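*Asks:* Have a look at this one.
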Amino acid sequence: MNRVNPITGINPAGPAAPVTAIPGIAPPRSIGPTGTEFPSVTPAEYAAHVAPRTTKHTGPADGMDPGDMMALRDTQRLLSTSLTFAGGVAEVSDRLWTALLQAQPDLLTVLPGTPASQRDQLGRAITWLVHRLDDPPAVVAGCAQLGAALAECGLQWNQLQLVGAALAEAMRAGMTPGTWRQDFDQAWRWTWQHVYEWIVHGGTLITYQPTIWDTEVIGHELRRDDLAVVRLRPFLPLPYRPGQFARVEVDGVPGVWRPYSLAGAPHRDDVIELHVRAKSEAGVSGTLVHHTRVGDRIRVSRAEGGMGLPAEPGRGMLMIAGDTGVAPMKAMLAQLAATQDPRPAVLFWGVRTLDELYDIDDLVTIARQAPRATVIPVVSEGDPGPYPFGLVTDAVAAYGEWSRDEVYLAGPPLMLVATRIALRELGVSPRRIHHDIPE
């Protein structure tokens, strides 16, 4: 009788292609007889072959056959034991990242984050998989979410074909001679086969449903009574272009998605930063400012918006921001600093009072790290301190000539309208002026 696989279940409809044989990693090493890369047996038969059933089973879970459940737990023990023998998750993820860089560099290029943050994500993924392998619904759902995230990054599925062999090699390379066993190899490759199938299936779903990232709050700073800087770490790779925004949903206001600019830097780390100002303690903004704590979970949609660094490498940049509109400008400055981009960039940040310069220290630090970036706060009321006083558009006009630069605007709607009018009077073509449509 054909038994439904406990990991894959009934094969879902969709264009997911069958898994091809995974080639080895150079230099080649013998890892067992030909044909053992993906055992073509049921989980119960696999368990009987590689691990005698010595543990008493307490009963089926979720309607699963007891033999299938035992097979998953036997496989889970093999994965966990081999991880320990291989030096632990951190060492294995380091070796896996290095092997992928050598064998499939394009795979890592399409993913956001630095080498260090990518290694951390690999480590978290391996840990999650080993801990959840005996919970097939969680594995299926998690792999589908990962597939959607990878597809959003632009990954091609053939770029994953080396991962199974690279993972087995990363395990074996960390073990002392004679420690690596055939059942370790079979367990990892059997697991990867089914993980791969559900990753691919999840990637096909982005055409039919929105992709949502779960994130964890890792930092929350109340910079003013009504304003907070919230730092989030997505559990899965979240691609975005510095200057873009994403929509956010919080538990306290289910079903309401509020757009916020992403003030992170994909080339620096995997953390995204939201600058949130709230008029009250209600709504999404009020929840983020007044009722959010480190460790909370927040959902984020795919990145949107047309702002970003100019396509022409030598094109200068003029940035004009009001209030929290400085967030997308901070992201673009951070990108210039992370990549050591030599193009000139000047950010004018218009505020009413000195107290509203809630992020000036971070901005100045980032600008100093970039080859040719400058930050100029402009204060319109009260004591301006060391900064220019007056309207931000007057400061822009007095600073220089901008007709050859790409201009980026972000801030309150009235500020956008007034600034566009002033820029046209300065001879800046409307085609050079970029901002997202206010909502």
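*Asks:* Could you tell me whether any residue of region 166-182 is within 30 Å of residue 297 (Cβ to Cβ) and in contact (Cβ under 8 Å) with a residue 40 or more places away in the chain?
*Replies:* yes
*Asks:* Run down 433, 421, 366, 437 and say which single residue is within 28 Å of residue 265 (Cα to Cα), surrounded by fewer than 18 Cβ atoms within 10 Å (Cβ to Cβ) and of a type in the set (A, V, I, L, M, F, W, C).
*Replies:* After ruling out the rest, the residue left standing is 437.
*Asks:* All but one of (1) touching a helix residue (DSSP H, G or I) at 6+ places or on another chain (Cβ under 7 Å); (2) free of Cβ contacts under 8 Å to residues at least 60 places away in the same chain; (3) surrounded by 20 or more Cβ atoms within 10 Å (Cβ to Cβ) hold for residue 236; state the number of the condition that does not hold.
*Replies:* Only one criterion in (1) touching a helix residue (DSSP H, G or I) at 6+ places or on another chain (Cβ under 7 Å); (2) free of Cβ contacts under 8 Å to residues at least 60 places away in the same chain; (3) surrounded by 20 or more Cβ atoms within 10 Å (Cβ to Cβ) is unmet by residue 236, namely (2).
*Asks:* Something else: Tell me which residues, restricted to region 313-325, are closer than 15 Å to residue 374 by Cβ and touching a Ser or Thr at 6+ places or on another chain (Cβ under 9 Å).
*Replies:* 320, the sole residue that qualifies.
*Asks:* Which of the residues spanning region 368-383 are touching a helix residue (DSSP H, G or I) at 6+ places or on another chain (Cβ under 6 Å) and under 17 Å from residue 242 (Cβ atoms)?
*Replies:* Passing the criteria: 369, 370, 373, 375.
*Asks:* Look through region 119-139, keep the residues that are out of contact with any Ser or Thr (no Cβ under 8 Å at 6 or more places or on another chain) and touching a residue at least 40 places away in the same chain (Cβ under 8 Å), and return whichever of them is farthest from residue 76 (Cα to Cα).
*Replies:* Within region 119-139, the match that is farthest from residue 76 (Cα to Cα) is 121.
*Asks:* Further, regarding this structure: At least 1 residues that are closer than 30 Å to residue 265 by Cβ and of a type in the set (Val, Ile, Thr) in each: list the helices (runs of 4 or more DSSP H) lying fully within region 72-189 that qualify.
*Replies:* Qualifying helices (runs of 4 or more DSSP H): 89-103, 105-109, 115-132, 163-173.
*Asks:* Of all residues in region 288-324 being assigned to a helix (DSSP H, G or I) and either of a type in the set (D, E, K, R) or within 30 Å of residue 206 (Cα to Cα) (or both), which is nearest to the chain's Cα centre (by Cα)?
*Replies:* Taking the candidates together, the pick is 288.
*Asks:* Follow-up. Sort through 384, 388 and tell me the only one that's touching a residue at least 24 places away in the same chain (Cβ under 8 Å) and either within 14 Å of residue 344 (Cα to Cα) or in the same structural domain as residue 420 (by TED's automatic domain parsing) (or both).
*Replies:* 384
*Asks:* When residues of region 401-418 are filtered for being in contact with a strand residue (DSSP E or B) (Cβ under 8 Å, 6 or more places away or on another chain) and either under 19 Å from residue 323 (Cβ atoms) or loosely packed, with under 13 Cβ neighbours inside 10 Å (or both), how many remain?
*Replies:* 8
*Asks:* A follow-up question, please. Name the residues in region 252-266 that are small (Gly, Ala, Ser), touching a residue at least 24 places away in the same chain (Cβ under 8 Å) and surrounded by fewer than 18 Cβ atoms within 10 Å (Cβ to Cβ), would you?
*Replies:* Selection gives 252 alone.
*Asks:* Can you find even one residue in region 364-371 that is within 16 Å of residue 346 (Cβ to Cβ), hydroxyl-bearing (Ser, Thr, Tyr), part of a helix (DSSP H, G or I) and outside the structural domain of residue 274 (by TED's automatic domain parsing)?
*Replies:* Scanning region 364-371 turns up no residue that is within 16 Å of residue 346 (Cβ to Cβ), hydroxyl-bearing (Ser, Thr, Tyr), part of a helix (DSSP H, G or I) and outside the structural domain of residue 274 (by TED's automatic domain parsing).
*Asks:* Looking at (1) more than 18 Å from the chain's Cα centre (by Cα); (2) at pLDDT below 90, which one does residue 138 not meet, given that it meets all the others?
*Replies:* (2)
The values are calculated or read from the model by the stated rules, or taken from the named source; none is laboratory data. From a predicted model like this one, the values you see are computed outputs, not experimental measurements. Glycine also receives a Cβ, built like all others from the backbone with ideal geometry; neighbour counts cover every protein chain displayed.
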